[in-house]
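Peer 1: Quick one: the structure is below, and I'll ask about it shortly.
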Amino acid sequence: MQSRTILLTGAAGFIGSHTADRLLQRGDRVVGLDNVNDYYSPAQKEQNLKNIGSNGNFAFVRGDVRDKALIERLFSENHFDAVIHLAAMAGVRASVDEPDYYFDVNLIGTLGLLEAARRYGKPNFVFASTSSAYGRSMKIPFTESEAADQPLAPYPASKRSAELLGHSYHHMHGMDFTALRFFTVYGPRNRPDMLPFLVMENIRKKTPLTIYNHGDMHRDWTYVDDIVDGVVAAADRRLGYEVINLGRGEAVLLKSFVQELESLAKSKASWTSKPMPDADVPYTFANIEKARRLLGYDPQISVGEGTRRFFEWYEAQVS
């Protein structure tokens, strides 16, 4: 495929830095935008940027997706073939305390990008959404045809709102907009507020660890390389308007996932159990047939292999 120019928001983050790696490896030119905020350690994000390295095809811009003047400049100075919009305020539980902030970043920030994209050539727009949009759906596995109209917290509500906004821009302006609903992504460079990292910090550093409902919750654990496969495939395809699940397509008991890490560490985690918060869900499980059909998506990394790769990365960071 011919080299393309892509705007990648959230480029310093967990999924964003892996996506930048993949795009650069195949010869694309990437403009990476990130404000490197302190939702989690900015030092970890700076390290992610160092991991991307000094590639002449990567231009990093430190800034906020809500900065209209900056977004205008980026679109006026570059001819983007695609926008991969990963930048967001993440975290279901944290959004309960800061709903204004979450909607400002996740919805208004997306609106600004869509407006710029509309005025500058209508590049293919790929939006990172979330499996949390399904709420406590009883239709297992989760399928994109569901209404997804009962989110349980501001974070998924903001993401679902942005999906709907994307449909408006597709309908009114003919823009191609693909919303990808990510299911429990993990792997090297994992955010430190996510369970795999928290488990290892508990085992190695004895930090406190809370696991809800005794770990009797199912998650569709999806390795980051598989997610990136889906993201890049979506950026390469103009599909009109689509909402597509990206998961492994396998629901794994949360406490079984913890046991995988314990086995690798040869040590038990010490955790306390609390009731599941109102904003949380007992089950996530992706139907990925649509992703297979439209994107050629075919996740390769099993939970056993994925936890091993994550464990080896974590051990290298603390050694």
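The values are calculated or read from the model by the stated rules, or taken from the named source; none is laboratory data. As the structure is a prediction and not an experimental result, all values here were calculated from the model. Heads up, the Cβs are rebuilt from the backbone with ideal geometry, glycines too, and the neighbour counts pull from every protein chain shown.
Peer 1: So which residues in the stretch 282-301 are in a helix (DSSP H, G or I) and either within 9 Å of residue 248 (Cβ to Cβ) or out of contact with any helix residue (DSSP H, G or I) (no Cβ under 7 Å at 6 or more places or on another chain) (or both), if there are any at all?
Peer 2: Of everything in the stretch 282-301, those that are in a helix (DSSP H, G or I) and either within 9 Å of residue 248 (Cβ to Cβ) or out of contact with any helix residue (DSSP H, G or I) (no Cβ under 7 Å at 6 or more places or on another chain) (or both) turn out to be 289, 290, 292, 293, 294.
Peer 1: Oh, and also: Condition check: in contact (Cβ under 8 Å) with a residue 60 or more places away in the chain, over 26 Å from residue 135 (Cα atoms), among the small types (Gly, Ala, Ser) and in contact with a strand residue (DSSP E or B) (Cβ under 9 Å, 6 or more places away or on another chain). Does residue 291 satisfy that?
Peer 2: Answer is no for this residue.
Peer 1: Let me ask something else. Which members of the stretch 117-136 meet the condition of being closer than 16 Å to residue 184 by Cα and either part of a helix (DSSP H, G or I) or hydroxyl-bearing (Ser, Thr, Tyr) (or both)?
Peer 2: Correct list: 129, 130, 131, 132, 133, 134.
Peer 1: Consider the stretch 20-40. How many of its residues are within 18 Å of the chain's Cα centre (by Cα), surrounded by fewer than 17 Cβ atoms within 10 Å (Cβ to Cβ) and polar (S, T, N, Q)?
Peer 2: Summing the residues that are within 18 Å of the chain's Cα centre (by Cα), surrounded by fewer than 17 Cβ atoms within 10 Å (Cβ to Cβ) and polar (S, T, N, Q) in the stretch 20-40 gives 1.
Peer 1: Of the numbered conditions (1) surrounded by 21 or more Cβ atoms within 10 Å (Cβ to Cβ); (2) assigned to a loop (DSSP other than H, G, I, E, B), residue 159 fails exactly one; give the number of that condition.
Peer 2: Looking at each condition in turn, residue 159 falls short on (2).
Peer 1: While we're on this one: Got at least one residue in the stretch 276-294 being closer than 27 Å to residue 178 by Cβ, modelled with pLDDT under 95 and of a type in the set (Phe, Trp, Tyr)?
Peer 2: yes
Peer 1: In addition: Read through the list (1) touching a residue at least 40 places away in the same chain (Cβ under 8 Å); (2) farther than 25 Å from residue 129 by Cβ; (3) in contact with a strand residue (DSSP E or B) (Cβ under 8 Å, 6 or more places away or on another chain), then give the number of the only condition that residue 59 fails.
Peer 2: Failed condition: (1).
Peer 1: Now, a different point. Looking only at the stretch 126-156, count every residue that is surrounded by 21 or more Cβ atoms within 10 Å (Cβ to Cβ), among the small types (Gly, Ala, Ser) and within 23 Å of residue 233 (Cβ to Cβ) and tell me the total.
Peer 2: Residues that pass the stated criteria total 6.
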